[in-house]
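Report on one structure; see the data block that follows.
The values are calculated or read from the model by the stated rules, or taken from the named source; none is laboratory data. Owing to the predicted nature of the structure, the values given are computational and were not obtained by experimental measurement. Glycine gets a Cβ as well: all are built from the backbone with ideal geometry, and neighbour counts include every protein chain shown.
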Amino acid sequence: MRKLAVLTERTRLAREFHDDLGGQLVLINLNLQLVEDLIADDPQAALAQLVTTREQLHITWRSLITAADATLTITGTSLPTALHDLVEQCRSFTPAHVGLHIAGGLEGLSDAAACTIYRAAQEGLTNACKYATQAQTIGLVVACGSDGVSITVCDDGRPCEAAPVSRRLPAMGIDGGFGLVGLRERAELLHGMMDAGPLPQGGFQLHLRLPAETARS
């Protein structure tokens, strides 16, 4: 029964990627071909076409997030349990103390906000477990209030040589890893913000915040 459910879900995702994302990627490719044709004779028209293409990329990214999050079934009500499960998984991979603190009720979060918070926790804890050497503590804090919701994941370790560039060079900001870039896009789609980088005292911090108007259902 479980194998049938997995197969059904894979078929649904494949169909969605082909019908929705596939079509959007074809459109983006056509837009870029038009830019190539215009750039020599009409740079302004080429620039306008690039702006249109960038907007199309945002639409495509939103579709990808929707398809990926459809498998999560994370809501504001189920989010605390899901976060506790992530922390327990992280504890099994690192000798560091992994702490979780949730301030405020998460029940009123929209599904999109709950999924974004979950993905941020997943990315932050995974990176900390993999790349923070000599870390004694890893902290996950989620705070929800009248002004919105935020999540912070930080560790007190030092980046190892095999860590992504984003963990070793502050100037690279969040652009050094696809996962972090993806989180920034998620936050921006919900009119929020995300930053990540080394801490002055050592270690690394990821912080994502969503405003109340997009965090609430």
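Going by the structure shown, is Leu199 touching a helix residue (DSSP H, G or I) at 6+ places or on another chain (Cβ under 8 Å) and at pLDDT 65 or above?
Criteria not met by Leu199.
Would you check if there is a residue in the stretch 62-75 being surrounded by 20 or more Cβ atoms within 10 Å (Cβ to Cβ), in contact with a helix residue (DSSP H, G or I) (Cβ under 7 Å, 6 or more places away or on another chain), in contact (Cβ under 8 Å) with a residue 40 or more places away in the chain and not assigned by TED's automatic domain parsing to the domain that holds Gly182?
Step one: list which residues in the stretch 62-75 are surrounded by 20 or more Cβ atoms within 10 Å (Cβ to Cβ), which gives 74.
Add one more test, that the residue is in contact with a helix residue (DSSP H, G or I) (Cβ under 7 Å, 6 or more places away or on another chain), and what stays is 74.
Add one more test, that the residue is in contact (Cβ under 8 Å) with a residue 40 or more places away in the chain, and what stays is 74.
Next cut, not assigned by TED's automatic domain parsing to the domain that holds Gly182 only: 74.
There is at least one residue in the stretch 62-75 that is surrounded by 20 or more Cβ atoms within 10 Å (Cβ to Cβ), in contact with a helix residue (DSSP H, G or I) (Cβ under 7 Å, 6 or more places away or on another chain), in contact (Cβ under 8 Å) with a residue 40 or more places away in the chain and not assigned by TED's automatic domain parsing to the domain that holds Gly182.
Suppose we filter Thr152, Thr126, Thr137, Thr94 for residues that are of a type in the set (Val, Ile, Thr) and closer than 21 Å to Glu188 by Cα; which single one remains? Give the steps one after another, and end with the answer.
Working: Thr126 fails: closer than 21 Å to Glu188 by Cα; Thr137 fails: closer than 21 Å to Glu188 by Cα; Thr94 fails: closer than 21 Å to Glu188 by Cα.
Result: Thr152 is the single residue among Thr152, Thr126, Thr137, Thr94 that is of a type in the set (Val, Ile, Thr) and closer than 21 Å to Glu188 by Cα.
So that you can scan it fast, the table gives a plain yes or no per residue for (1) assigned to a strand (DSSP E or B); (2) modelled with pLDDT of 90 or more; (3) out of contact with any helix residue (DSSP H, G or I) (no Cβ under 8 Å at 6 or more places or on another chain):
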position: His101; (1), (2), (3): yes, yes, yes
position: Leu106; (1), (2), (3): no, yes, no
position: Ala113; (1), (2), (3): no, yes, no
position: Thr116; (1), (2), (3): no, yes, no
position: Asn127; (1), (2), (3): no, no, no
position: Lys130; (1), (2), (3): no, no, yes
position: Gly139; (1), (2), (3): yes, yes, yes
position: Ala162; (1), (2), (3): no, no, no
position: Ala171; (1), (2), (3): no, no, yes
